[in-house]
Amino acid sequence: MIPDWKIVQDYLEILEFPELKGIIFMQTACQAVQHQRGRRQYNKLRNLLKDARHDCVLFANEFQQSCYLPRERGESMEKWQSRSIYSAAVWYYHHCQDRMPIVMVTEDEETIQQYGSDTEGVFVVSFKDYLDNFWPDLKAAHELCESILQSRRERENESQESHGKEYAEHLPLEVLEAGIKSGRYIQGILNVNKHRAQTEAFVRLQGASSKDSDLISDILIHGMKARNRSIHGDVVVVELLPKNEWKGRTTALGESDSDDKASGEAPSEPMPTGRVVGILQKNWRDYVVTFPSREEVQSQGKNAQKILVTPWDYRIPKIRISTQQAEALQDFRVVVRIDSWESTSVYPNGHFVRVLGRIGDLEGEIATILVENSISVAPFSEAQMCEMPVNTPENPWKVSSEEERERKDLRRTHLVFSIDPRGCEDVDDALSVRALDNGSLELGVHIADVTHFVAPHSYIDIEARMRATTYYLADRRYDMLPSILSADVCSLLGGVDRYAVSVMWELDKTSYEIKKVWYGRTIIRSAYKLFYEAAQELLDGNIHVVDDIPEFRDLDEKSRQAKLDELVWAIGKLTDIARHVRAKRDRCGALELEGVEVRVQLDEKKNIHDLIPKQPLEVHETVAECMILANHWVARKIWESFPHQALLRRHPPPHQEFFSELRECAKAKGFFIDTRSNKTLADSLDNAKDPNDPIVNKLLRSMATQAMSNALYFSTGSCAEEEFHHYGLALDKYTHFTSPIRRYSDIIVHRLLMAAISKDKKMESKENLFSNKDLEELCRHINNRNRAAQRSQKQSTELFQCMYFRDKDPETEERCVSDGVIYSIRTNGVLVFIPRFGIKGAAYLKNKDGLVISCGPDSHCEWKPGSLQRFQDRITSTTTGGESVTFRLFDHVTVRISVQASRCHSDTIRLEIISNEPYVMPDTELCQQGSLLLKSDLVKEVTRSVEEAQLAQEVTVDVIEEDCQKYCQTKGRSLYTLLEEIRDLALLDVSNSYGI
Amino acid sequence: MAGLELLSDQGYRVDGRRAGELRKIQARMGVFAQADGSAYIEQGNTKALAVVYGPHEIRGSRARALPDRALVNCQYSSATFSTGERKRRTHGDRKSCEMGLQLRQTFEAAILTQLHPRSQIDIYVQVLQADGGTYAACVNAATLAVLDAGIPMRDFVCACSAGFVDGTALADLSHVEEAAGGPQLALALLPASGQIALLEMDARLHEDHLEQVLEAAARAARDVHTLLDRVVRQHVKEASILLGD
C-alpha cells in the first residue's frame, strides 16, 4: 500500500499501527511531510521506517529514472506530488511483473477520479475505503480515523471564526535563539507543580544558559497566562519579569480550590518569576484522561460534540476533544493525544486514541500507570521469537562445539554456584572461588552471556533497547527479554551447561590484594543453585539445611560430606574476601543507606509464597560486594579500551543545599549531620540513633536519600574524568555489568567488554560499537526508562494502598487508625510518616472552613476557629478560646487514614490527626510495632500476610468488585505497603539493582 | 520548515547522489583558436572556462622575471550571472584574488616551470555558473587547458571538494551542501604520485574525522582523473585524425 503525501501528513498515527505492514513511503510524500509538518512529525516517520517490525520502506522515486516526472508548467505542487506518487506506484506494479496488486491511498477526490481506473492492478482509494475494505476488524484504527477527521474539521471551522486571543503569540524561533544567546531569554524545562497545577510552574534551567550566577534557583511561572500554552515537560524559553513583580512560592499544603486563601497567607521569599515567550520543543505524549460525568456534560451545555476531558496527571491542562462516543466512554480511562493549542483557545485541542479500561478497575488503572509513564509492553512478536534459541524437552538446547573451542571451559575445573532469592528464575550471576597451585586464590564472577543470543540490531535487540529494563510493578513484572532467554537459556541454572562472561581475579592468599584479572567468555555448569537463607545457614555451620538443597538430596552419605565441605569452604572464603573488599571501600566513604530490603518470593503458580527480609544475612552483602567488584573492574577495563565511548554509571555528589532540611530535622532531635563528604555523612548517620525511637534514624536516612541526586548512565566521551565518580559506592569508576537479563545497559557493557577483549588480541572487532553521540543518546533513553520504571512501581504501590483502604469505613475500622511521625512542617499542616503502612502523607491543621485543630484534655482533637503559627521546627495552633497545641518534628501522633476518591485522577490517601498522643495499640498489635527489627517476629508477621497476599493475587485475576470484599477482610499489614516502606528507605541506586 | 536533511537515512543526498558519488563531468579541450590552450568543463551545474597563454616573454616589468623558472600567472573571475544573486564586480574582489593565488600555488607545483626560465605562463579561468566546487572545477579546467597548450607537467592536477555530514564524508559538494555551513575541504591531487598540490579547509572538523574526509576527497580526485584522462585521449584522437589521414 502506498499512501499519498496528504495521508502521510494527517494519518501517520494510523499508519503506525503494528497491524499495518508493508507500506511503501514515497520520497515525494516524505519530503512533503518534512517541509510542511516540521521535524517532529518527520522524525516520527523516520522512526517508523527504521522500526524493522513494520516492514515499511522508503522508495526514492525522484531519484529513479523511470519514476521521475518533471513538474509541468502551471501545475500545482499538490497535483505534481500526487502524479509523481501515482506514477511511481504504477512503475512498481510493473516492476513486480504485475503480480502484486498495489493500493494507493489518497484523500483527494480528484486524484481518485483521475487515476482510479487508469491502470489495472493499481487501485486508488480514499483512506476510509481502504480501512473499510482491508482492515474491517481493526476497530481501533477506525475510531482513530474518525476522531482525526473530526478534529480536523473542527480546526478548520475554528480558524474561520475569529476569537479574541487568550494567549500571547509565541515568538519566532530566530528571535528566541538570538535572545537566548544574548542572555535576554532563558531556556529551560517546564515543570508544573503537581499540587498547584493551575498557578505554579517552575522552569529548571538548562546548562549553558545559566551563566548568571544570581539565577541558581528555578524560575517561577505564575498562572496559566504566563505559562502561555506550554505543557509539563516542554523545553521553553522564558523572559524574566521585573523584580517588583516577582512572587514567592507557597509552602502551604494546598488544594487547588483554595486559591484565594493561599494568597492570603504570606508566601515565602520572592523568587525569580518569568513568563514563557516561546516553546523550543514540545514534549507531548499520550495522555490518559477521563470524560466528565453525565451531569457535568449537561452543564457544559450547548456544544455536546466538544468535550473537555480531564487528564489523569494533574500537571496537564484539560484537553478539548470532539467525539460522539462521550456517552459510551463515561466510565473509562481513555488515551488522547494533543493536536494543537491555538492562541485563541483556552484549552488545547486533541483527539481520542483508544480505551484503556474501566475507572477503578485494577487492570485499567495499571494500564493507566503504564501509559502515563510511556511504557509499552506488547507481547513479543513472532519475528522476535523466531530469533530465539529452542529449548524443548524433545529438542534440548546444547552447547555447540564451535563455541566450545572458543570459550574457556570451566565446567570441570571450577566449583561454580549461584546464590539468589528462593524461587528466582532469572539467575544472571554465579560465583566461584578456588585455591590455585601457586598458593593464591582465584575469585570468579560469572554473568549470563545474553549478548551471545541477542545480536546487535536484531529484532529482539531493538525491542530490548526500547524497553531498556524489566519493569517491576507491585504485583507483576514486564520482562525485557522473552522468558525463553531470561528464565531458561540465559539463566545460570544449576546442573546445566551455560554460556557465561566471566571476570576472574587472582588474589593474594592472605592479604586478598588483587594480583591479576582475566575477562572472557566461558562455559560453566553451576553446581548449586542456592538461596540466601541456605547459604547463610551453611556459613553459620548449620548443616541441617542440606536437606533443603535439591542437589544434595540423592547423594550417598560420604560423597555428600565431601562435597558439602567443599561448598562450605567456598562460601566461607567468599565471605572473607567480600568483607575485606567492603572494608576497603568503607575507608573511602561508601554509604550505607539501604535499610531492610524485602523480596517477594513466588512459588510455582506465581503466587506470592514468602517474604524474605534481606538485611540480617551477611550472604547478601557478600554477593552484592562481589558484583560491585566485578562492575568496578569491568568499568575500568572498558574505559581503558574505549576512553570515549564506554558506558559507565556515575552518582554525582549531592548539592549541599538539599541537605539543609535534613540538617534542620536532625538538629530538632539534637543530632548533628555532617554532609561535607560521603564518609562524614555515613558516620554521622550511624550516630544519629534515638534509642527510644528507631524510626527517627530511618526517617533521617530516607531524607538523606531524597537529598541525593540519582545515579545515571553516561558515555565517557561526554563527561570529564573527574565526574565519573560514584558517590554512594565511593568508587572512581562504576558500571552495570551483572544483570544483562534485566537491564539493557548491561548488554551494552557486555558488548563493549567483548570488543575490548578482541581489541587486546589485536583482532578486528566484529561489533560496530556506538559512537559517543549515539551512546549518549542511548544513555539518556535508558535513564528515562529507569525513572519511568521507578515511577510506575511507586504509583502501582500507591494504587494498591488505596485499594486496600478504599472500602473500609475510617470511622469504625480499627486498622484505619494508626501511629504517625511528623517529619516536616508546612504553614497549614504537617507531613506525616506512618511506619506501619509505610505511607507518607499530608495532614492539615486547618480545614477548608478555616477552622484549626485543637486538642482537648483527653488529647482528642477537634476543629475550632483559631489561627496557626509556624516556626522552624514546630507549629502551634491556637484557638480563639485560648487553648493551644503544638506539634514538633518527630512527634508521634495518632492519625486516621481514609481514601479520597477521585474520578479523574488516582485516589489519594488522606490523613487526619485525631490525637496528639502516640497511638496506643491493643496488646497484640503493640508487639508488632516493635517487631520491625526482630527477625523472628517479622517472619511470623510475614507468614500471616501471605494469606492476604495470595488473596490479593486472586483479586488481580478475578473480577475485582467481588473479591474486594475478601481482600479487605484479611488481617495484618499489606504486603504492598511493606514493599513501599522498604523502597523508601533504599538508596535508589541499589534498589535499582536488587538481586545483585 | 525543518532543517534540510543533507543525507537521508537511506544514504541519499539532496540531489539523489550517494555519499561518494561525483556529479556528471563533461569537458572539451581546444575551445578557442587564438589561445595556446583552452578547455571548458561542466561538473553538474558548475561550469568553468580556462584559457592558457604561454610560455612567452615576461610582459610588463622585466623585474618580475625569475632566473631559474617560469612565472605562473593565474587570474580568476566569475561571470556576473554565475550565482543566484547577480554580482557587480567580476574580478579583482577578495574572493577572486584568493582563488587566483590558490590556483597559482597549485599549478606552480604541477607545471615543470624550470624548463622555461625567464618566461611567463598565463592561466585565465572564468566561472560561468557556480553550483559548488568552483575551485575544483577551475583546477580541472585549467589542467586540461595547460595540457592543450602543450606545456609539460608532472602529472594531471585533479581537484575535488569534500564535506562531512552526520559522520559520513560527502564527495563533490553542491551549492546546497556548501551553504549548509558544514566543514568543507578542497583538495588538488597529483593522482599518479598521490602527492597533494593544495589542501584547503573551511570551518571546523574534528581531527578524528579528517582522515576519512581526506580519503573521500582523494578517491573523488582519482575518479576525476580517470574522466579527464578519457577526455584528453578522445581529444588527441580527434586531433590526430584531423591532422594526419
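Computed from the coordinates by the stated procedures, all read-outs in this text should not be read as laboratory data. None of the values given here were measured: they were computed from a predicted structure. Note that we place each Cβ from the backbone using ideal geometry, even for glycine, and neighbour counts take in every protein chain shown.
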Quick shape check on the range A:657-793: root eigenvalues a ≥ b ≥ c of the Cα gyration tensor, a/c under 1.5 is rounded, otherwise prolate if a/b tops b/c, else oblate, and it reads prolate
Among A:THR735, B:THR113, which comes first, then next, by fewest other beta-carbon atoms within 10 Å? B:THR113, A:THR735
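Excluding A:LYS509 itself, what net charge comes from residues whose Cβ is under 13 Å from its Cβ, given Lys and Arg +1 and Asp and Glu -1? The partial results should precede the final answer.
Working: positive: A:ARG434, A:LYS515, A:LYS573; negative: A:ASP437, A:GLU442, A:GLU506, A:ASP508, A:GLU513, A:ASP576.
For residues surrounding A:LYS509, the net value is -3.
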Local net charge near B:LEU71, Cβ-Cβ under 13 Å (Lys/Arg +1, Asp/Glu -1): +2
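Given the DSSP H assignment, sum -39500 (n - 2.57) over each helix run of at least 4 residues in chain B and divide by its residue total; what's the result at 222 nm in deg cm²/dmol, nearest 500?
Working: 4 runs with 75 residues, N = 245.
My calculation for chain B gives -10500 deg cm²/dmol from helical runs alone.
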The residues B:THR143, B:THR46, B:THR168, sorted from fewest to most surrounding Cβ atoms within 10 Å, come out as B:THR168, B:THR46, B:THR143
Quick one: A:SER400, A:SER796, fewest Cβ neighbours within 10 Å first, how do they rank? A:SER400, A:SER796
How far apart, in nm, are the 7 Å Cα→Cβ label points at A:LYS584 and A:ARG676? 2.7 nm
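Let's see if you can work this out: charge +1 on each Lys and Arg Cβ, -1 on each Asp and Glu Cβ, no other charges. What is the dipole magnitude of the range A:419-493 about its Cα centre, in debye to the nearest 20?
On the way: 6 positive and 13 negative charges, 41 e Å.
Result for the range A:419-493 is approximately 200 debye, rounded to the nearest 20.
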Putting +1 on Lys and Arg Cβ atoms and -1 on Asp and Glu Cβ atoms, find which of A:TYR115, A:TYR92, A:GLN81 reaches farthest to the positive end of the dipole of the range A:81-123. A:TYR92
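Which FRET efficiency value, to the nearest 0.05, is calculated for A:SER343 and A:SER182 with the Förster distance at 25 angstrom and r the Cβ-Cβ distance? Walk me through the numbers on the way to the answer.
Values: r = 25 Å, r/R0 = 1.01.
The calculated FRET efficiency here is 0.50.
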Suppose R0 equals 30 Å; then what is the FRET efficiency for B:LEU199 and B:LEU112 from their Cβ-Cβ distance, rounded to the nearest 0.05? 0.90
Of the cross-linked pairs A:LYS247/A:LYS282; A:LYS563/A:LYS759; A:LYS225/A:LYS773; A:LYS21/A:LYS44; A:LYS247/A:LYS318, which ones have a Cα-Cα span greater than 28 Å in the structure shown? A:LYS563/A:LYS759; A:LYS225/A:LYS773
A:ASP129 paired with A:ASP760, simple spin-label distance in nm, labels 7 Å along Cα-to-beta-carbon: 6.7 nm
Taking amide H positions as placed 1.01 Å from N in the peptide plane, with prolines and chain starts having none, which residues 5 or more places from A:ASP339, or on another chain, fall under 5 Å of its amide H? A:ASN349, A:GLY350, A:HIS351
Put +1 on the Cβ of every Lys and Arg and -1 on every Asp and Glu Cβ in the range A:611-769; which of A:PHE672, A:CYS719, A:ILE757 then has its Cα farthest towards the positive end of the dipole? A:ILE757
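Using R₀ = 51 Å, calculate the FRET efficiency as 1/(1 + (r/R₀)^6) where r is the Cβ-Cβ separation of A:ARG411 and A:GLU109; round to 0.05. Please report the intermediate quantities before stating the final value.
Numbers: r = 72 Å, r/R0 = 1.40.
FRET efficiency, A:ARG411 to A:GLU109: 0.10.
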Can you give me the relative contact order of the range A:28-161 as a percent, contacts being Cα pairs under 8 Å and 6 or more apart? 14 percent
So what is the relative contact order for the range A:389-441, in percent, with contacts set as C-alpha pairs under 8 Å and at least six apart? 24 percent
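Among A:LYS733/A:LYS794; A:LYS509/A:LYS573; B:LYS24/B:LYS87, which pairs are too far apart, with a Cα-Cα distance over 20 Å? Before the final figure, lay out each step's value.
Values: A:LYS733/A:LYS794 29 Å; A:LYS509/A:LYS573 10 Å; B:LYS24/B:LYS87 27 Å.
Long pairs (Cα-Cα over 20 Å): A:LYS733/A:LYS794; B:LYS24/B:LYS87.
With a sphere of radius 15 Å drawn around the Cβ of A:LYS637, what net charge do the other residues whose Cβ falls strictly inside it have (Lys, Arg +1; Asp, Glu -1)?
Working: positive: A:LYS516, A:ARG521, A:ARG636, A:ARG649, A:LYS733, A:ARG751, A:LYS759, A:LYS761; negative: A:GLU640, A:ASP732, A:ASP746, A:ASP760.
With Lys, Arg at +1 and Asp, Glu at -1, the neighbours total +4.
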